[in-house]
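Here is the structure we will look at, set down as structure tokens.
The values are calculated or read from the model by the stated rules, or taken from the named source; none is laboratory data. Since we're looking at a predicted model, the values are computed, not measured. As a convention, Cβ positions derive from the backbone with ideal geometry for all residues, glycine included, and neighbour counts pool all protein chains shown. All accessible areas refer to the heavy atoms of the entire protein, side chains included, with ligands and DNA or RNA removed. Shrake-Rupley method; radii C 1.70, N 1.55, O 1.52, S 1.80 Å.
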Amino acid sequence: MEHIILHESKKYLAYYLCNESTQLIFYYAPLGVNKKILKQGYKQLDNMLTYYSKVTVVFLQLHQTEFTPDNGVISLFLKQLKRRLEKHYNCTVAYLWVREQGGSPAQHYHLVVMVNGHKCSSSQYILKVATEIWESQKGGNYSFKVKNRIYRIETYKNNNEYQAARMRMSYLAKMKTKDTSRPYLNSFGVSRVAPNPLPNKNTQNEPHEPKSKLRN
């Protein structure tokens, strides 16, 4: 069962109760959050932690100068980004993206990228590559450097970073600024990293390559 309970004193916070766990999330009434985005994003993070005892989570924003009626630009971007990160870190890459627009003439995208924390301890390379790819697709597009954009989760330590990353990810699930006027248009996409079938064998290098498919 899933439940959302508003925070007792903070206007834009709530508690997300799911599978006997409680997670503090961002919550903007009256529209609330898309629970599907929450669940699928959290699931990808948990699945990555079955492969690696350290997972680095990086948040980015990708802005456009012109509106596009579909998500072709983010699909092409992710294919290139995923390929370059997999080659550089020699690891599986998980991600979650959402499309938002608000009052701007063009949409923008929020993106969270998850990689092997044993090989990635900084957001510098991810930000560099993401900026290069995004700006090369169409002149004028730009990436936005998110403050405190990196979280380093280590399963053998306390879960402060884990909870913090999940809370930051909940911001992507807010219904505010999502375009609901085009029901045919996906407002988010997520990787398809499956859980490690042998999670206790090796947490630094993958014993089995997880299935991962691009989804729009």
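Can you tell me which of (1) of a type outside the set (S, T, Y); (2) crowded, with 18+ Cβ neighbours inside 10 Å; (3) more than 17 Å from the chain's Cα centre (by Cα); (4) under 21 Å from Y51 (Cβ atoms) is the one K157 doesn't meet?
Answer for K157: the failing condition is (2).
When both residues are 6+ apart or on different chains and their Cβ atoms are under 7 Å apart, which pairs have a first residue that lies in segment 30-42 and is open to solvent by 10 Å² or more (accessible area, probe 1.4 Å), and a second that is part of a helix (DSSP H, G or I) and hydroxyl-bearing (S, T, Y)?
V33/S170
Open to solvent by 70 Å² or more (accessible area, probe 1.4 Å), more than 13 Å from M48 (Cβ to Cβ) and either of a type outside the set (S, T, N, Q) or modelled with pLDDT under 85 (or both): is that true of Y125 in this structure?
Considered against the rule, which asks whether it is open to solvent by 70 Å² or more (accessible area, probe 1.4 Å), more than 13 Å from M48 (Cβ to Cβ) and either of a type outside the set (S, T, N, Q) or modelled with pLDDT under 85 (or both), Y125 comes out as no.
Is it fair to say Q163 is under 29 Å from Y52 (Cα atoms) and either open to solvent by 70 Å² or more (accessible area, probe 1.4 Å) or among the acidic types (D, E) (or both)?
For Q163, the condition - under 29 Å from Y52 (Cα atoms) and either open to solvent by 70 Å² or more (accessible area, probe 1.4 Å) or among the acidic types (D, E) (or both) - is not met.
Which ranges mark the strands (runs of 3 or more DSSP E) fully within segment 98-178 that have 3 or more residues being of a type in the set (V, I, T) and in contact with a Gly (Cβ under 7 Å, 6 or more places away or on another chain)?
Filter on segment 98-178 gives an empty set.
Residues checked against (1) among the β-branched types (V, I, T); (2) within 15 Å of V98 (Cα to Cα); (3) part of a strand (DSSP E or B); (4) modelled with pLDDT under 90:
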position	(1), (2), (3), (4)
S9	no, no, no, no
Y16	no, no, yes, no
I25	yes, no, yes, no
A29	no, no, no, yes
Y42	no, yes, no, no
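Restricting attention to segment 50-88, which residues are open to solvent by less than 20 Å² (accessible area, probe 1.4 Å), within 26 Å of N159 (Cα to Cα) and under 18 Å from the mean Cα position of the chain (by Cα)?
Once the filter is applied, which keeps residues that are open to solvent by less than 20 Å² (accessible area, probe 1.4 Å), within 26 Å of N159 (Cα to Cα) and under 18 Å from the mean Cα position of the chain (by Cα), segment 50-88 yields Y51, Y52, V55, T56, V57, V58, F59, L60, L85.
Report, ordered by the first and then the second residue, all pairs with beta carbons closer than 6 Å, sequence separation of six or more or different chains, a first member in segment 154-176 that is under 16 Å from K39 (Cβ atoms) and in contact (Cβ under 8 Å) with a residue 60 or more places away in the chain, and a second member that is assigned to a helix (DSSP H, G or I) and among the small types (G, A, S).
M169/G41
Would you say S136 is open to solvent by 10 Å² or more (accessible area, probe 1.4 Å) and out of contact with any Ser or Thr (no Cβ under 9 Å at 6 or more places or on another chain)?
Considered against the rule, which asks whether it is open to solvent by 10 Å² or more (accessible area, probe 1.4 Å) and out of contact with any Ser or Thr (no Cβ under 9 Å at 6 or more places or on another chain), S136 comes out as yes.
I'd like the residue in segment 12-21 that is open to solvent by 80 Å² or more (accessible area, probe 1.4 Å) and over 24 Å from S187 (Cβ atoms) and, out of all such residues, is nearest to the chain's Cα centre (by Cα).
For segment 12-21, the residue satisfying everything is N19.
Of (1) buried (at least 23 other Cβ atoms within 10 Å of the Cβ); (2) farther than 17 Å from N34 by Cβ; (3) among the small types (G, A, S), A106 satisfies all except one. Which?
Of everything listed in (1) buried (at least 23 other Cβ atoms within 10 Å of the Cβ); (2) farther than 17 Å from N34 by Cβ; (3) among the small types (G, A, S), A106 misses just condition (1).
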